[in-house]
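The values are calculated or read from the model by the stated rules, or taken from the named source; none is laboratory data. Source: prediction; values computed, not measured. Note that we place each Cβ from the backbone using ideal geometry, even for glycine, and neighbour counts take in every protein chain shown.
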């Protein structure tokens, strides 16, 4: 058997252990399950994603909107959806 050590924030460790205890597991068992799943599936068994708010396309749109606002080109309210879509296609 190999010993694996890693550092973790004390608070995170405590919270993790509390949840694992509710599940009837300890940290060693949970990390072994995690490692076995990695090996079996040949991937990280996590749903990793990046907040789309920070995507390059969204940031470009936000910067355009800010530039329009700063130039005084604001949208008079109320506008219908059709009017807004036409405005977007004209931009």
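Entry remark, segment 1-16: residues being free of Cβ contacts under 8 Å to residues at least 12 places away in the same chain and part of a loop (DSSP other than H, G, I, E, B) number 8 in total.
Residues in segment 35-56 that are part of a helix (DSSP H, G or I) and at pLDDT 90 or above: 35, 36, 37, 38, 39, 40, 41. Residues satisfying the criterion are absent from segment 17-33 (criterion: within 21 Å of the chain's Cα centre (by Cα) and free of Cβ contacts under 8 Å to residues at least 12 places away in the same chain).
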